[in-house]
Amino acid sequence: MCRSWSLIASFLDLSAFEKRELVTLENYARNAEKDTPFPHRILSIYQERRSGIESGFLSGCAFLAVKHSLRFEIILRMMAAVNTVERAPLGRNLRRRGRNLMLETCMGIAEEAWFDTRMEEMEDMLPIPDEGYVLYCLDLGYRKAVERMAVKCPEGVKKAAEEADSGLYRELMEIIRDTGLCRELQGSLA
């Protein structure tokens, strides 16, 4: 058994999962590559078994060790999905329906520059829709991520602008005010 799976197993209430579900989770944790799409089967397992994991603590441990092994990045993917399932459906209004404990834990335990560097590396692998991540970052006041997302994923930022309440919309427009994307958004509202 690989160490990263042992870390996951130590925080799971294994009796909450069926054997075939544990096999699915372990196979993903052991064998997924950086670019492996996040399997919807894992989301459905966690939707059915919401209470079997202490994801905040596990997320923090994996985040601190993320540079040591790809397995820890895979664990973070799983924890981001678990938290999104526990706290809000994947998709629209992630921030409105609840927090993502994985992201908040990681932000809370790391020095700001270290956190920002790791998140920039990991944003593409998170199983959270771009617009949900942008809204979430706006809600947390994580401006650097919003600035990055405006360059990396302008369509996600546009969708976030459509879903944002007036306060977050103003914040978003302030962050991207000197960009073509801001002018494009303002023009679409005229």
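The values are calculated or read from the model by the stated rules, or taken from the named source; none is laboratory data. From a predicted model like this one, the values you see are computed outputs, not experimental measurements. Backbone-built Cβ (ideal geometry, glycine too); neighbour counts: all protein chains shown. Quick note on the areas: whole protein, heavy atoms, side chains included, nothing else; ligands and nucleic acids left out. Shrake-Rupley method; radii C 1.70, N 1.55, O 1.52, S 1.80 Å.
The helices (runs of 4 or more DSSP H) found wholly in the range 8-101 and carrying at least 3 residues that are at pLDDT 60 or above and over 13 Å from the mean Cα position of the chain (by Cα) occupy 19-31, 40-48, 55-64, 70-87.
Filtering the range 139-172 to residues that are open to solvent by less than 20 Å² (accessible area, probe 1.4 Å) and either free of Cβ contacts under 8 Å to residues at least 24 places away in the same chain or under 24 Å from VAL66 (Cβ atoms) (or both) leaves ALA145, VAL146, MET149, GLY156. Which condition does ILE128 not pass, out of (1) part of a helix (DSSP H, G or I); (2) at pLDDT 80 or above; (3) closer than 26 Å to LEU168 by Cβ; (4) not small (Gly, Ala, Ser), if it passes all the others? Condition (1) is where ILE128 drops out.
Remark: pairs (first residue in the range 102-124, within 16 Å of LEU140 (Cβ to Cβ) and open to solvent by less than 30 Å² (accessible area, probe 1.4 Å); second residue assigned to a helix (DSSP H, G or I) and among the hydrophobic types (A, V, I, L, M, F, W, C); Cβ separation under 6 Å; 6+ apart in sequence or on different chains) = MET102/MET79; MET102/ALA80; CYS106/PHE63; PHE115/MET107.
Residue-by-condition table, conditions (1) part of a helix (DSSP H, G or I); (2) within 25 Å of PRO39 (Cα to Cα); (3) among the basic types (Lys, Arg):
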| position | (1), (2), (3) |
| --- | --- |
| TYR133 | yes, yes, no |
| TYR136 | yes, yes, no |
| ARG148 | yes, no, yes |
| GLU155 | yes, yes, no |
| ALA161 | yes, no, no |
| GLU171 | yes, no, no |
| GLU174 | yes, no, no |
| ARG183 | yes, no, yes |
